[in-house]
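The values are calculated or read from the model by the stated rules, or taken from the named source; none is laboratory data. Since this is a predicted model, take the numbers as computed values, not measurements. Here Cβ is always computed from backbone atoms with ideal geometry, including for glycine, and neighbour counts include all displayed protein chains. Protein only, heavy atoms only, side chains kept; ligands, DNA and RNA dropped before computing areas. Shrake-Rupley method; radii C 1.70, N 1.55, O 1.52, S 1.80 Å.
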Amino acid sequence: MEPYELRLSEAAERIRSRELSPVELTDSVLGRIEALDERVGAFAAVMGDRAVGAARAAEQEIAGGRYRGPLHGVCIAVKDLLDTAGVPTTSSSRTRADNVPAANAAVVDHLEAAGAVIVGKTHTHEFAYGVITPTTRNPWDLDRIPGGSSGGSGAAVAARMCQGAIGTDTGGSVRIPAAVCGTVGLKPTYGRVSRRGTASLSWSLDHIGPLTGSVRDAALMMDVIAGYDRADPATRDVPVPRHGEGLSAGVENLVLGVPRNYFFDRIDPEVEAAVRAAIGRLEDLGAELREVDLPHPELYMPAEFGILVPEASAYHQETLRKLGDLYTEDVRMFLEAGELMLATDYIRAQRVRTLIQQGWRDMFAGIDAVLAPTLPAVAARAGELAFTWPDGVEEPVINCYVRTSAPGNLTGLPALSVPCGFNSEGLPIGLQIIGRPFAEPTVLRIGAAYETATDWSDRHP
């Protein structure tokens with residue numbers, strides 16, 4: 001096995017025991033990127049010299065007995081929305097082609113303080129405003145999209161060009177690439193991870209989370225990136241647990257909700273079969289299943305876009321005036337449309353959001369988590385604008401993907417996507433686990449129980 005093939009937790013253990021050096025791992029990962037990324041297109045920038053320098057520093061520290069923890073010497077990629085001091089942060093946009101920040105984003109600071117080796121910046125759909133990531137391809141099928149907006153991060157992890165990656169999630173942008181690329185992706189509770197130094201899409205919906213090869217790897221990354229930051233007023237000053245503790249506890253005595261409505265209303269039959277099989281497997285492992293009715297499902301998409309679109313336009317208002325021609329056509333269209341929305345419509349969407357949050361809070365009174373498909377469909381083909389359902393209805397790709405991920409953003413609840421199978425064309429399918437506020441350890445525990453009982457996460461493109 002080549003070093004680049006190791007999962008984060010596996011590489012961490014070998015580095016800790018000094019069976020593997022950070023320099024050896026970094027050289028292997030950079031070689032993998034050089035060999036594959038011309039075809040995959042996951043990276044906006046490869047930070048080779050900086051990564052090698054960080055790996056050498058990590059090697060010296062560990063040799064001197066100064067081991068910082070599981071991310072020390074491990075290769076991590078960062079979405080190109082997060083500032084990296086002295087390294088261009090473009091948000092995959094020509095409007096920021098010359099943007100070289102002087103300071104790191106909070107999450108990057110946390111990663112570097114933990115000794116992580118940051119190997120590069122991954123592509124995003126421009127400013128995270130889309131689900132395609134057009135610069136990047138899906139490692140399972142290079143004719144298909146990697147999802148978005150964190151498509152570069154999802155593709156990089158799937159192709160084993162890093163041990164873990166950072167993504168952002170405003171309407172599903174961690175979970176969508178996780179599902180279509182066959183990786184694990186966690187959107188934490190709103191306020192769990194600081195967004196300081198990260199370009200915003202919609203500040204009241206934005207989250208930052210990890211994409212990894214396993215649930216344990218996601219837990220290890222969460223231990224590093226989570227926490228209160230007074231410079232981000234959205235973060236909550238609440239205790240941060242050890243996310244890896246209790247992963248082997250199983251699912252006995254947990255009550256898991258299975259939606260009767262919404263999530264399975266319009267879905268690819270192969271996706272539904274895989275997700276329902278995964279739900280049955282968790283019942284076999286000891287979980288109690290309970291059917292639930294999702295509150296106000298007809299309001300999810302209007303509220304999501306009613307908040308996201310005007311907030312994004314407000315954030316980009318000045319740049320749109322000065323550099324409007326430099327935006328890609330699809331993003332510029334959304335930004336211009338957002339300027340036509342009324343303040344009363346935005347306020348109404350926020351009020352509806354409160355109603356949705358109250359409904360979900362009531363639903364969670366008798367359950368520990370909700371189980372659902374991450375997405376209703378697998379990876380779209382590059383250039384495919386819509387899915388055609390058996391009844392002849394065409395649904396835009398962005399609507400299809402956001403439809404099942406938006407509830408997690410509107411409610412701010414933690415949501416985990418884990419691989420749960422493949423369709424007949426060999427494309428990955430994801431199971432979504434949505435938990436109570438700040439209950440990341442519980443959703444990770446459920447994901448770990450399922451992952452341990454199956455081999456889906458062991459498969460690679």
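Mind checking which residues of the range 134-144 are open to solvent by less than 10 Å² (accessible area, probe 1.4 Å) and touching an Asp or Glu at 6+ places or on another chain (Cβ under 8 Å)?
Those that are open to solvent by less than 10 Å² (accessible area, probe 1.4 Å) and touching an Asp or Glu at 6+ places or on another chain (Cβ under 8 Å): none in the range 134-144.
Can you go through Gly286, Gly197 and tell me which one is open to solvent by 10 Å² or more (accessible area, probe 1.4 Å), out of contact with any His (no Cβ under 8 Å at 6 or more places or on another chain) and more than 30 Å from Lys79 (Cβ to Cβ)? Talk me through it step by step, then tell me what you get.
Details: Gly197 fails: more than 30 Å from Lys79 (Cβ to Cβ).
On inspection, the qualifying residue turns out to be Gly286.
Kindly provide the set of residues from the range 103-119 that are in a loop (DSSP other than H, G, I, E, B) and either open to solvent by 40 Å² or more (accessible area, probe 1.4 Å) or modelled with pLDDT under 95 (or both), ordered by number.
The one that is in a loop (DSSP other than H, G, I, E, B) and either open to solvent by 40 Å² or more (accessible area, probe 1.4 Å) or modelled with pLDDT under 95 (or both): Ala103.
Among the residues of the range 353-373, what is the count of those that are assigned to a helix (DSSP H, G or I) and not basic (Lys, Arg)?
The total comes to 12.
Check Val131 against each of (1) crowded, with 24+ Cβ neighbours inside 10 Å; (2) not in a loop (DSSP other than H, G, I, E, B) and name the one condition it does not meet.
(2)
Report yes if Val240 is under 30 Å from Ser194 (Cβ atoms), in contact with a strand residue (DSSP E or B) (Cβ under 7 Å, 6 or more places away or on another chain) and either in a helix (DSSP H, G or I) or hydrophobic (A, V, I, L, M, F, W, C) (or both), otherwise no.
yes
Return the residue satisfying two criteria in turn: it lies in the range 415-456 and is of a type in the set (S, T, N, Q) and open to solvent by 10 Å² or more (accessible area, probe 1.4 Å), and of such residues it is farthest from Val184 (Cα to Cα). Spell out how you get there, then give the answer.
Pass one, the range 415-456, residues of a type in the set (S, T, N, Q): 417, 423-424, 432, 442, 452, 454.
Subset that is open to solvent by 10 Å² or more (accessible area, probe 1.4 Å): 423-424, 442, 452, 454.
Details: Asn423: 18, Ser424: 21, Thr442: 15, Thr452: 13, Thr454: 14 Å.
In this case the residue turns out to be Ser424.
Quick check on my filter: what residues within the range 405-419 are closer than 20 Å to Asp368 by Cα and not polar (S, T, N, Q)? Before you say what the answer is, go through the steps one by one.
At the first step, the residues of the range 405-419 found to be closer than 20 Å to Asp368 by Cα are 405-418.
If the condition is that a residue be closer than 20 Å to Asp368 by Cα and not polar (S, T, N, Q), then Ala406, Pro407, Gly408, Leu410, Gly412, Leu413, Pro414, Ala415, Leu416, Val418 are the ones that fit.
Given the condition polar (S, T, N, Q) and not in a helix (DSSP H, G or I), answer yes or no: does some residue in the range 322-342 qualify?
Quick first cut of the range 322-342, residues polar (S, T, N, Q) only: 328.
Remaining after also requiring not in a helix (DSSP H, G or I): 328.
Yes, the range 322-342 contains a residue that is polar (S, T, N, Q) and not in a helix (DSSP H, G or I).
Can you tell me which of Gly148, Gly172, Gly167 is free of Cβ contacts under 8 Å to residues at least 40 places away in the same chain and closer than 21 Å to Ala415 by Cβ? Please lay out each step first, then the result.
On the way: Gly172 fails: free of Cβ contacts under 8 Å to residues at least 40 places away in the same chain; Gly167 fails: free of Cβ contacts under 8 Å to residues at least 40 places away in the same chain.
Among Gly148, Gly172, Gly167, only Gly148 is free of Cβ contacts under 8 Å to residues at least 40 places away in the same chain and closer than 21 Å to Ala415 by Cβ.
Let's see how each residue does on (1) in a loop (DSSP other than H, G, I, E, B); (2) in contact with a Pro (Cβ under 8 Å, 6 or more places away or on another chain):
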position	(1), (2)
Lys121	no, yes
Thr135	yes, no
Pro146	yes, yes
Gly154	no, yes
Gly185	no, yes
Arg196	yes, no
Trp203	yes, no
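State the number of residues belonging to the range 398-414 that are out of contact with any Phe, Trp or Tyr (no Cβ under 9 Å at 6 or more places or on another chain) and either open to solvent by less than 10 Å² (accessible area, probe 1.4 Å) or in a loop (DSSP other than H, G, I, E, B) (or both).
3
Residues Pro419, Pro376: which one is assigned to a loop (DSSP other than H, G, I, E, B) and at pLDDT 95 or above?
Matching residue, one of Pro419, Pro376: Pro376.
Residues Val275, Val215: which one is assigned by TED's automatic domain parsing to the domain that holds Thr189 and either open to solvent by 20 Å² or more (accessible area, probe 1.4 Å) or touching a strand residue (DSSP E or B) at 6+ places or on another chain (Cβ under 7 Å) (or both)?
Val215
When you go through Gly280, Gly306 one by one, which is the residue that is open to solvent by 20 Å² or more (accessible area, probe 1.4 Å) and part of a helix (DSSP H, G or I)?
Gly280
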